[in-house]
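Data first, discussion second: the structure below is written as structure tokens.
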Amino acid sequence: MGLRYVAFRVQYALESKLGIHKKRFLTNPVNKKFISLKTWRDNTPIFFFESREKLNFKTQPSKLLEAKVLKLKQGVFTFFSSTEFNLGKDYDWITNPDTGFKYDILKHWSEIQDLSKEAGDIKYVWEKARFGFLYDVIRYDYHFNQDNSEFIFIEMESFIDKNPINQGPNYKCSQEISLRILNWTFALYFYKNSKSLTEKRFD
């Protein structure tokens, strides 16, 4: 990828080894509140769509989609579009379902290895944490005129509660974090007017 990228990777690795990232990305940042739920609802920035109520394309209920969402709610998730894992309804977000290895949630992300013989591939932990499964639930709710926002927000809260800021494997990769933020934002817009989206949850 060129000398510039190689130099960046060397610098990045050194900063991780020297503990610079640990000092830069704190595990106990001050909690800040930027906007209220009402203010956001009244002045929603432009996104792909405004809310589920504003969508008006033809519904096409699918038995395959219905079955997939039923499995999701039972804790069965399809990884990498091919392999099912039964994570249960109270998954800890840090156990690799392929190897059974449990990452140390007390470690700063800069101390977590991407790949090791004992832990296996970290992508197995990242897969559910991307929250790509939200789209299946959203599609189901639209096409079947249902509201599974409570399920969605409970999953989000579970992730937040079990993944302290900058600790554990799920803060290791900025790309994974970006995907999670995009997927959460999509869900927030779709369930914008849901009773399950409370001020406390939004905050």
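Pairs 68/123; 107/128; 38/68: which are spaced more than 25 Å apart, C-alpha to C-alpha? Kindly include the intermediate steps, with their values, before the conclusion.
Numbers: 68/123 22 Å; 107/128 20 Å; 38/68 33 Å.
38/68, as the Cα separations exceed 25 Å there.
Ignoring the sites themselves, the chain has its longest run without trypsin sites (Lys or Arg not before Pro) in a DSSP loop having at most 13 other Cβ atoms within 10 Å at 118-194.
Of the GluC sites (Glu not before Pro) in the range 26-70, which ones lie in a loop per DSSP and count no more than 16 other C-beta atoms within 10 Å?
Values: sites: 50, 53, 66; in loops: 50.
Those satisfying the criteria are 50.
Restricting the range 18-119 to chymotrypsin sites (Phe, Trp or Tyr not before Pro) that sit in a DSSP loop and have at most 15 other Cβ atoms within 10 Å of their own Cβ leaves 25, 34, 47, 48, 49, 57, 80. Here the Karplus curve 6.51 cos²θ - 1.76 cosθ + 1.60, taken at θ = phi - 60°, turns the phi angles of the range 191-198 into couplings of 9, 3, 9, 6, 5, 6, 8, 8 Hz, with x standing for Gly and Pro. Counting only heavy atoms of the protein chains and using a 1.4 Å probe, residue 110 has close to 20 Å² of accessible surface. Positive end of the dipole of the chain (Cβ unit charges, origin at the Cα centre): among 193, 43, 79, the Cα lying farthest that way belongs to 43. With a cut-off of 12 Å between beta carbons, the residues surrounding residue 202 carry a summed charge of +3, where Lys and Arg count +1 and Asp and Glu -1. Karplus-derived 3J(HN,Hα) values for the range 19-35, using 6.51 cos²θ - 1.76 cosθ + 1.60 with θ = phi - 60°, are x, 5, 5, 5, 7, 7, 9, 6, 8, 9, x, 5, 6, 10, 10, 9, 7 Hz; glycine and proline are entered as x. When shorter helices are ignored and each DSSP H run of at least 4 residues is given -39500 (n - 2.57), the per-residue value for the chain at 222 nm works out to -13000 deg cm²/dmol. Note: the range 81-203, Cα convex hull, 114 Å³ per residue. A 1.4 Å probe run over the protein chains yields, for the range 37-103, 69 Å² of accessible area per residue, whole-number rounding.
The values are calculated or read from the model by the stated rules, or taken from the named source; none is laboratory data. Computed from a predicted model, the values in this text were never measured in an experiment. Cβ coordinates were reconstructed from backbone atoms using ideal geometry, including for glycine residues, and neighbour counts include every protein chain displayed. Each accessible area value is taken on the protein alone, full model and side chains, heavy atoms only, with ligands, DNA and RNA left out. Shrake-Rupley method; radii C 1.70, N 1.55, O 1.52, S 1.80 Å.
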